[in-house]
């Protein structure tokens, strides 16, 4: 591949679809739900533990000013609402990361999703800074040489995100192989029957027979195998990536349903979309029955500011 071919590939590349917008909205919604349904007391915000960081979190900045943590939470909720509806990614991209960074740095009672969200939203910053759209749901198809740098940056940083997500899954899979319970196939039994993290009682009628039979070994090893497959998705063809994406979404929906860590699963699903779904393939929302008739376009035009 010569330099001319590379240049033409970059020029024809179009990252400005609603694909990464959908992923941003899902990740933002996970954080939004966390903040809506949990006060800062519930999340156990403790800034004194991390206020020596080079970049202070929002809670560190206000800890000695008289501004309450609850007020910070309300501001975060407003910003995350803007992220979820897709308003001006260039403005909300950095703010989205800073919220994730602040929650990960200060909140004690979190499920791990905030850590991953802070990493993914960090990699998204250069992409959002190149995104001049008013709404991240719009499709802008610009084939122009003067936009080459604005396309090269998303191309590079989307690849960084893909590498990051692949590393998350291979680390998780390898870590399981170092645990005797995961190797002998009993880990899910111990995990799901735990009084703190286990399944809710109303699911006992279906899960208890599975966990007390040989099927538990299949389910346990199946989880590890899916994580290896998700890592392998980095090298897969685009056709196979869609199948792998589907498997990953099903895995995390199952985690949300059985274990109840919904926001973590939402962050991972958003990350999987960035990892495996083709960024240039605009999702045609009008093919969804209740959105037919250009509802989304009408809403964008109505609130186009």
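Here is a list of conditions, (1) touching a strand residue (DSSP E or B) at 6+ places or on another chain (Cβ under 7 Å); (2) buried (at least 21 other Cβ atoms within 10 Å of the Cβ), and residue 87 meets all of them except one; can you say which number that is?
So the condition that residue 87 fails would be (2).
Looking at (1) under 26 Å from residue 118 (Cα atoms); (2) part of a loop (DSSP other than H, G, I, E, B); (3) touching a helix residue (DSSP H, G or I) at 6+ places or on another chain (Cβ under 6 Å), which one does residue 197 not meet, given that it meets all the others?
(3)
How many of the residues making up region 227-240 are crowded, with 18+ Cβ neighbours inside 10 Å and either farther than 16 Å from residue 167 by Cβ or without any contact (Cβ under 8 Å) to a residue 60 or more places away in the chain (or both)?
Residues flagged as crowded, with 18+ Cβ neighbours inside 10 Å and either farther than 16 Å from residue 167 by Cβ or without any contact (Cβ under 8 Å) to a residue 60 or more places away in the chain (or both) within region 227-240 amount to 2.
What number of residues within region 3-46 satisfy the criterion of being buried (at least 19 other Cβ atoms within 10 Å of the Cβ) and touching a strand residue (DSSP E or B) at 6+ places or on another chain (Cβ under 7 Å)?
2
Scan region 153-165 and tell me whether some residue there is more than 19 Å from the chain's Cα centre (by Cα) and either assigned to a loop (DSSP other than H, G, I, E, B) or more than 27 Å from residue 19 (Cβ to Cβ) (or both).
Taking region 153-165 and keeping what is more than 19 Å from the chain's Cα centre (by Cα), we get 153.
Still in the running and either assigned to a loop (DSSP other than H, G, I, E, B) or more than 27 Å from residue 19 (Cβ to Cβ) (or both): none.
No, region 153-165 contains no residue that is more than 19 Å from the chain's Cα centre (by Cα) and either assigned to a loop (DSSP other than H, G, I, E, B) or more than 27 Å from residue 19 (Cβ to Cβ) (or both).
Out of region 47-75, which residues are in contact with a helix residue (DSSP H, G or I) (Cβ under 6 Å, 6 or more places away or on another chain) and surrounded by fewer than 16 Cβ atoms within 10 Å (Cβ to Cβ)?
50, 70
Scan region 91-109 and give yes if some residue there is crowded, with 19+ Cβ neighbours inside 10 Å, touching a helix residue (DSSP H, G or I) at 6+ places or on another chain (Cβ under 9 Å), modelled with pLDDT under 85 and over 16 Å from residue 136 (Cβ atoms), otherwise no.
Yes, some residue in region 91-109 is crowded, with 19+ Cβ neighbours inside 10 Å, touching a helix residue (DSSP H, G or I) at 6+ places or on another chain (Cβ under 9 Å), modelled with pLDDT under 85 and over 16 Å from residue 136 (Cβ atoms).
Just to check your reading of the model, which residue among 250, 226 is modelled with pLDDT of 95 or more, in contact with a helix residue (DSSP H, G or I) (Cβ under 6 Å, 6 or more places away or on another chain), over 30 Å from residue 153 (Cα atoms) and assigned to a helix (DSSP H, G or I)? Break it down stepwise before answering.
Details: 250 fails: in contact with a helix residue (DSSP H, G or I) (Cβ under 6 Å, 6 or more places away or on another chain).
Just a single option satisfies the conditions, and that option is 226.
Looking at region 210-223, can you tell me whether even one residue there is part of a loop (DSSP other than H, G, I, E, B) and either in contact (Cβ under 8 Å) with a residue 12 or more places away in the chain or crowded, with 18+ Cβ neighbours inside 10 Å (or both)? Before you say what the answer is, go through the steps one by one.
So the first thing to find is which residues in region 210-223 are part of a loop (DSSP other than H, G, I, E, B), and the list is 212-214.
Then keep just the ones that are either in contact (Cβ under 8 Å) with a residue 12 or more places away in the chain or crowded, with 18+ Cβ neighbours inside 10 Å (or both); that gives 212.
Yes: one or more hits.
Regarding residue 20, is this residue out of contact with any helix residue (DSSP H, G or I) (no Cβ under 7 Å at 6 or more places or on another chain) and in a helix (DSSP H, G or I)? Walk me through it before giving the result.
Numbers: out of contact with any helix residue (DSSP H, G or I) (no Cβ under 7 Å at 6 or more places or on another chain): no; in a helix (DSSP H, G or I): yes.
The answer is no for residue 20.
Select from region 171-191 the residues that are surrounded by 16 or more Cβ atoms within 10 Å (Cβ to Cβ) and either at pLDDT 95 or above or in contact with a helix residue (DSSP H, G or I) (Cβ under 8 Å, 6 or more places away or on another chain) (or both) and list them in ascending order. Lay out the reasoning, then the answer.
Of the residues in region 171-191, the ones surrounded by 16 or more Cβ atoms within 10 Å (Cβ to Cβ) are 173, 176, 182, 185, 187-189, 191.
Matches in region 171-191: 173, 176, 182, 185, 187, 188, 189.
The values are calculated or read from the model by the stated rules, or taken from the named source; none is laboratory data. Here the structure is a predicted model, which is why all the values come from computation and not from measurement. Quick reminder, even Gly has a Cβ in these numbers, built from the backbone with ideal geometry, and neighbours come from all protein chains shown.
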